[in-house]
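The values are calculated or read from the model by the stated rules, or taken from the named source; none is laboratory data. Please read these numbers as outputs of a predicted model, since none were measured by experiment. Here Cβ is always computed from backbone atoms with ideal geometry, including for glycine, and neighbour counts include all displayed protein chains.
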Amino acid sequence: MAFALQLLKQVSPNVEFVSGKGTLYRQTWAAPATASNTAVHAAVTSPATGTTVVTTGITNPSTPRCVRVKGSASLMTGDVVVVGKNQFGEAKTDTIALNGSAAVDGVVAFSTVTRITIPAKVNTSGDTVSVGVGVAMGAARRLSEASCLYATVDGAVDSALPTVNTTNSTFVFATAPNGAKNFVVCFVHVDFK
């Protein structure tokens, strides 16, 4: 196994080493974009009542990423519902609660976004909601456990191993993506689907 890990550190970009007990996988992201409040959709005005469903003007993440929602004013509440497909091509829905004007990241790594539902306004006027990309990046394989072996950013070992979300198969690196640095992670997975 040590030999396989050394080999994985030297090859590029994505490669697997399969054994009877699991698979080592090396995944790379070439200069993933900086987290953004508007990369998926620019601000949409909240309706006076009910919801607004958006199906046009949507820009998909360049690589599977969680989405981020941001309200324009304090006191904004309600759920933004994002529908699309995850990194495995499966239909997914992520319901993200607004928190005033703070940016809030969802948990699903979307490769495509097909619909965004915006809640009714809370303030008398001026409420808008924008949708961007967060910091979590989608794994190319299903993660059955938090089993990262190493992580690098631009060839240097990151300050900590990524945080792993096994439910949605995502990684959050200690160093945030900035559109210039390359990210690599080596992990073990046992899903042979």
Residue that is farther than 26 Å from Val184 by Cα, touching a residue at least 60 places away in the same chain (Cβ under 8 Å) and not assigned by TED's automatic domain parsing to the domain that holds Ala176, where the choices are Val54, Val113, Val108: Val54
Residue list for the stretch 37-50, restricted to those being closer than 19 Å to Met76 by Cα and assigned to a strand (DSSP E or B): Asn37, Thr38, His41, Ala42, Ala43, Val44, Thr45
Odd one out for Ser144 among (1) outside the structural domain of Thr51 (by TED's automatic domain parsing); (2) touching a strand residue (DSSP E or B) at 6+ places or on another chain (Cβ under 9 Å); (3) on the phi > 0 side of the Ramachandran plot: (3)
Unmet requirement for Arg142, which otherwise passes all of (1) under 22 Å from Val82 (Cβ atoms); (2) at pLDDT 95 or above; (3) of a type outside the set (A, V, I, L, M): (2)
Any chance Val82 is of a type in the set (A, V, I, L, M) and touching a residue at least 60 places away in the same chain (Cβ under 8 Å): no
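Being at pLDDT below 95, hydroxyl-bearing (Ser, Thr, Tyr) and surrounded by fewer than 19 Cβ atoms within 10 Å (Cβ to Cβ), is that true of even one residue in the stretch 31-45? Walk me through how you get there before you give the answer.
If we filter the stretch 31-45 for residues that are at pLDDT below 95, which is where we start, we get none.
Checked against the condition, which is being at pLDDT below 95, hydroxyl-bearing (Ser, Thr, Tyr) and surrounded by fewer than 19 Cβ atoms within 10 Å (Cβ to Cβ), the stretch 31-45 yields no hits at all.
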Failed item in (1) surrounded by fewer than 13 Cβ atoms within 10 Å (Cβ to Cβ); (2) among the acidic types (Asp, Glu); (3) more than 17 Å from the chain's Cα centre (by Cα); (4) under 28 Å from Val54 (Cα atoms), with Glu90 passing the rest: (3)
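Of all residues in the stretch 21-30, count the ones that are touching a Pro at 6+ places or on another chain (Cβ under 9 Å), surrounded by fewer than 18 Cβ atoms within 10 Å (Cβ to Cβ) and farther than 11 Å from Lys181 by Cβ. Quick ask: steps written out before the conclusion?
Initial filter on the stretch 21-30 (touching a Pro at 6+ places or on another chain (Cβ under 9 Å)): 26-30.
Narrowing the set further to residues that are surrounded by fewer than 18 Cβ atoms within 10 Å (Cβ to Cβ) leaves 28, 30.
From what's left, farther than 11 Å from Lys181 by Cβ: 28.
Result for the stretch 21-30: 1.
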Test: Ser62 is under 28 Å from Ala146 (Cβ atoms) and not charged (D, E, K, R): yes
Output for the stretch 145-174, where each listed residue is under 13 Å from Val135 (Cα atoms), touching a Ser or Thr at 6+ places or on another chain (Cβ under 8 Å) and surrounded by fewer than 18 Cβ atoms within 10 Å (Cβ to Cβ): Val172, Ala174
All positions within the stretch 125-169 that are among the polar types (S, T, N, Q) and without any contact (Cβ under 8 Å) to a residue 24 or more places away in the chain: Ser125, Ser159, Thr163, Thr166
Those strands (runs of 3 or more DSSP E) lying entirely in the stretch 60-161 with at least 3 residues under 21 Å from Ala30 (Cα atoms): 65-71, 110-119, 128-138, 148-153
